[in-house]
């Protein structure tokens, strides 16, 4: 019954978002379509899970907070969050790494929630699937357009997790209203830009790429230092993690670890394979 209710809520939200965006044809449900000829990974089938992906550990019990109000995060990132996960009704800004942003959304989606990816036109279905997002419980709205307040508002009402890019059509007042709406609905906002009321900011930097040079000739892993700060953290916290490109999860990186081929620093213009725009929902 709960699953049916979530499906109906998501359908209503998607229909409202489509109407706000001026689409003439409404979808019968939250569906996705790939670019013609694109072969998605085997684990991209609805209901499947990325092989080798790291199962997020349940958040530690917090006094006075219902565990149902906390969505899971990758185990390597749990120490950065006050409750070991993302508290419903709050926002988290992720700066500097789209792959990390998608991994957070994927971990939260393991709890059976629905996810909408909005205003991130360079994120396609293949990237979402490789990050572990369940394609049967997500929609992508690459360009919400000038009616972004109505579109995002409708999605907040029907989806548990919203991954938001830079919606230039949203004024400060719109953002405050949407943050309040998310608190009321218990939705989680994962944003790439500053957002009013965000509980935590995750700032990714100090990148090291592995897999090029004398290796396989392709990027395999990205190592990042994540610094967490904000009103949800008593003090800034820091963790070094490894994000696997393609199937895989987020792991804690040993400070003195050096691969067989040695770390190779990539120039700034290198774009991870998982972040290339391979497919989109129109």
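Observations on the model:
- For the peptides 201-209, 109-117, residues were scored by their other Cβ atoms within 10 Å and the scores averaged per peptide; the highest-first order is 109-117, 201-209.
- Label-to-label distance, residue 171 versus residue 238, with points set 7 angstrom from Cα along the beta-carbon direction: 4.1 nm.
- Relative contact order (%) - criterion: Cα under 8 Å, at least six apart; region: segment 69-143: 29
- Each of the peptides 162-172, 146-156 was scored by the mean count of other Cβ atoms within 10 Å over its residues; in descending order, highest first, they stand as 146-156, 162-172.
- Paramagnetic label zone (point 7 Å from Cα along Cα-to-C-beta, residue 231; backbone N under 16 Å) in segment 143-179: 173, 175-179
- Using a simple spin-label model with pseudo-atoms 7 Å out from Cα toward Cβ, residue 184 and residue 111 lie 2.1 nm apart.
- Each of 192, 225, 184 was scored by other Cβ atoms within 10 Å of its Cβ. Arranged with the fewest first, they read 184, 225, 192.
- Spacing of the two label points (7 Å from each Cα toward its C-beta) at residue 193 and residue 143, in nm: 1.6
Every number here is computed from the coordinates shown, using simple stated rules; none is lab data. All values reported here derive from a predicted model rather than from experimental measurement. Because the Cβ atoms are built from the backbone with ideal geometry, glycine has one as well, and the counts that use them run over all protein chains shown.
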